[in-house]
Amino acid sequence: MTAEVINGKDLAQELRMNMKEEVTKLKQKGIHPHLTVVLIGDNPASKSYVKGKEKAAAEVGISSSLIELPASTSEEELLNLIHKLNDDITVNGILVQLPLPKHISEQKVIDTINPDKDVDGFHPINVGKMMLGEDTFLPCTPYGIITMLKSRSIDIEGKHAVIIGRSNIVGKPVGQLLLNENATVTYCHSRTTNLKEYTSKADILIVAIGRPNVITADDIKEGAVVIDVGINRLETGKLTGDVDFDSAVEKASYITPVPKGVGPMTIAMLLENTIKAAKGLENR
């Protein structure tokens, strides 16, 4: 069997077309969705991500502004800026691009963002609501993964989902979202012994460990759904995922590529959350 490739770039494009209509309707009601991105320092990868976010926002009619600050910015200065953005009624979504310089506490920054403007879905209040299955802003990458599975009507209920990786940004929340969809979830990580014992039993395998081509066809079950969250740049300059795509594609039923897989969906879900934040104004 050769797996069906779930192209995140195409799906994200489709979603943006629908969002564009939604934003047009909001504007007719006098609601203008606006995202403010804060970028500290000059990390080239972060700059590239931010550019992609700005471009996608413009495409659907969401206005965005970028506040660039030097790496020497103090934690206090950043927190003061977030308080100002929290109070600014023209700002619907606040995104502080991670990673931050070492002298700034990421958790303090996340905790300071108003949960109603937390379009990254990282605030403890929104994480708690997600755990309880309540309506909230979902973390963008996990939200994108669930959207990809549903776009192909892949049955999640009752399936064994194995997550490799336990970060607060991807691993933990995607497992919770799958649990909310009634999957049986197993978490694996760097301390897991005999990883293959778990991966080979997964109906749905989510790989988010940041090591190139570490999962091969030998590690997966025949017909598994394989979602590759990793983005690694090889010495040749080529981008590759955590999964050895060429071997896995021959054994999986569905698989995501790198690039053009989960990455574009993460940005699409950020826009979805920004629209949700703006729509919240109708009910206030």
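Every number here is computed from the coordinates shown, using simple stated rules; none is lab data. Being a predicted model, the structure only gives us computed values, none of them experimental. Here Cβ is always computed from backbone atoms with ideal geometry, including for glycine, and neighbour counts include all displayed protein chains.
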Checklist outcome for this item: For the chain, longest principal axis from Cα atoms; helix 140-151 axis from its Cα atoms; angle between them, nearest 10 degrees, is 50 degrees
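Between rounded, prolate and oblate, where does the stretch 229-273 land on the alpha carbon gyration tensor, with a ≥ b ≥ c its root eigenvalues, rounded for a/c under 1.5, else prolate if a/b exceeds b/c?
It is oblate, given that a/c is not under 1.5 and a/b is not larger than b/c.
Classify the stretch 94-177: rounded, prolate or oblate, from the alpha-carbon gyration tensor (a ≥ b ≥ c, eigenvalue square roots; a/c under 1.5 rounded; otherwise prolate if a/b is larger than b/c)?
Numbers: a/c = 2.28, a/b = 1.80, b/c = 1.26.
Prolate shape, in that a/c is at least 1.5 and a/b is the bigger ratio.
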Item to check | Whole-angstrom gap from the stretch 162-203 to the stretch 7-74, using each part's C-alpha centre | outcome: 30 Å
Item to check | Listed residue pairs exceeding 25 Å between alpha carbons, taken from Lys9/Lys102; Lys201/Lys276; Lys27/Lys53; Lys129/Lys251; Lys84/Lys279; Lys102/Lys260 | outcome: Lys9/Lys102; Lys201/Lys276; Lys129/Lys251; Lys102/Lys260
Checklist entry - Do any trypsin sites (Lys or Arg not before Pro) in the stretch 147-252 lie in a loop, going by DSSP, with at most 16 other beta-carbon atoms within 10 Å of their beta carbon, and if so which? => result Arg152, Arg191, Lys201, Lys238
Item to check | Computed magnitude of the charge dipole of the stretch 143-217 (debye, nearest 20; Cβ of K, R +1, Cβ of D, E -1) | outcome: 260 debye
Checklist outcome for this item: To the nearest 10 degrees, the tilt of helix 171-180 (Cα long axis) against the first principal axis of the alpha carbons of the chain is 80 degrees
Item to check | Angle in degrees between helix 262-279 and the longest Cα principal axis of the chain, rounded to the nearest 10 | outcome: 40 degrees
